[in-house]
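What follows is one structure encoded as structure tokens, with my remarks underneath.
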Amino acid sequence: MNPIQVNTPLLKGNELKYLSECINTGWISSEGPFVAAFEENFSTYHNRKHGIAVSNGSAALDIAVKALHIGAGDEVIMPTFTIISPAQSVTAVGAIPVLVDSDQQTWNMDVTQIEAKITAKTKAILVVHIYGLPVDMEPVLQLAKAYNLKVIEDAAEMHGQTYNGKKCGSFGDISIFSFYPNKHITTGEGGMLLTDDDQLAARCKKLRNLCFEPDGPRFVHHELGWNYRMTNMQAALGLAQLEQLEKFISIKRNMGSNYQKALAYLESKEYQLPIPSTSYAENIYWVFGIVAPTENKKQDLIDHLTRYKIGTRPFFWCMHEQPVFKKMKLFGGERYPVAEKLARNGFYLPSGLGLTVDELKTIITCIHEKIV
Ligand SMILES: *Cc1c(COP(=O)(O)O)cnc(C)c1O
């Protein structure tokens, strides 16, 4: 049996055509015309004024934090159950991530826990939409308004998803995306910032480009940034991928509903599946997760799938349990029971756009064999 990868991208649109254009014209760096075209189309798709393309999603978070002047001693409220990138960007400027637990059903940050964490030092709420359903944004936006906080929206896993009919990626003062190959659209490596604020957009562009002063003398710098530029080749892929986003979304939702139907019986055995929808969104199934009743049962199922060369990935590991943050004396003694259980008992099945119908059947058969 051929191995089934946890993710395979789908690159069957205009990717090769646009990429060949880069090679044929010699425009391969960030100066090429696809970068501006991709920024324009991506921001228009999200109804936002500005798009700033960057080298990856983590870079976009670095820029977002610094663009909003978050710095030493400031506090940023975020979920403990997430990839490390948001907490990394916040700690990199000397600010402090302040964590909240996850919601049992959606696996997103529990927005009812945010207000109690707000202090005089709080500067922003950093929401991260997790796995397929968006964070409940309305209460977040209300709190941000009431306490005068910025909202950073990490929509890396939410391309094309909506919250109450409005696109994810249109809620943050700055919203960010990743185009890593397991995201709904990919550029190999890549990321994007979206904002409606002209000044913030200009600041993001400057930070992405070593803080060269757009109007000042060349090579004279007043601030430090990064080289986080996206190449024309990446943008060529992005443009071609964006053309196919609606199709990709339906492929993902179809995959999700097939898994749901075939695996619904697991819920009677105390395995938890993603919920198909909430009052504000339908699951987009960035990945299809399963939370086992115990850590051992999770490992048994992963081992069984591995024997059949079926790839899986564990869920995120909580920020308050990261050795690197313990060394930095962060989060001492804090406990977040819902997130801890997700991290220990959760994993996801192959969920890529390139997953074939036959592969999906094989995976399902394999699970049925293990859990009758
Ligand atoms: C993938 C991802 C990132 C990081 O993006 P990279 O492009 O891999 O740096 C950040 N946040 C979330 C929620 C992600 O899923």
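The numbers here are math on the coordinates, done by the rules we state, and not lab data. Because the structure is a prediction, the values reported are computed rather than measured. Here the Cβ positions follow ideal geometry from the backbone for every residue, glycine too, while neighbour counts run over all protein chains shown.
Of note:
- Candidates 214, 337, 139: whichever shows maximal mean-square fluctuation once the chain is modelled as a Gaussian network with Cα springs under 10 Å: 214
- Estimated from helices alone, the mean residue ellipticity of the chain at 222 nm is -11000 deg cm²/dmol (sum of -39500 (n - 2.57) over DSSP H runs with n ≥ 4, per residue).
- Scanning the chain for long hydrophobic helices, with DSSP H runs required to stretch 24 angstrom or more by C-alpha along their axis and to average at least -1.0 on the Kyte-Doolittle scale, returns 245-263.
- Springs join every pair of Cα atoms under 10 Å in this Gaussian network model of the chain, and among 181, 217, 86 the largest mean-square fluctuation is at 217.
- Extension reserve of the residue 12-residue 72 stretch, reckoned as 0.36 nm per residue once the Cα distance is removed: 17.0 nm
- Of all lysines in the structure, the ones whose alpha carbon falls short of 17 Å from that of residue 121, not counting any fewer than 8 places away in one chain, are 66, 145, 150.
- Subtracting the Cα-Cα distance of residue 334 and residue 211 from their residue separation scaled by 0.36 nm leaves 40.5 nm.
- Once C-alpha pairs closer than 8 Å and six or more residues apart are averaged by separation and normalised to the residue number of the range 15-242, the relative contact order reads 28 percent.
- Neighbour counts of C-beta atoms inside 10 Å place 109, 255, 328 in the sequence 328, 255, 109, starting with the fewest.
- If the segment from residue 361 to residue 115 were pulled out straight at 0.36 nm per residue, it would be longer than the present Cα-Cα gap by 84.1 nm.
- Among 151, 338, 98, the residue with the largest mean-square fluctuation in a Gaussian network model of the chain, with springs joining Cα atoms closer than 10 Å, is 338.
- Karplus-derived HN-Hα couplings along the range 148-163 (A = 6.51, B = -1.76, C = 1.60, θ = phi - 60°), whole Hz, x at Gly and Pro: 6, 10, 7, 10, 9, 10, 8, 9, 4, 9, 10, 3, x, 6, 10, 10
- Ranking of 253, 203 by neighbouring Cβ atoms within 10 Å, starting from the fewest: 253, 203.
- Cα-Cα over 32 Å, subset of 12/309; 123/261; 269/327; 341/370: 123/261; 269/327
- Distance (nanometres) between label positions extended 7 Å along Cα→Cβ at residue 196 and residue 246: 2.4 nm
- Burial ordering of 50, 320, 222, 368, fewest other beta-carbon atoms within 10 Å first: 222, 368, 50, 320
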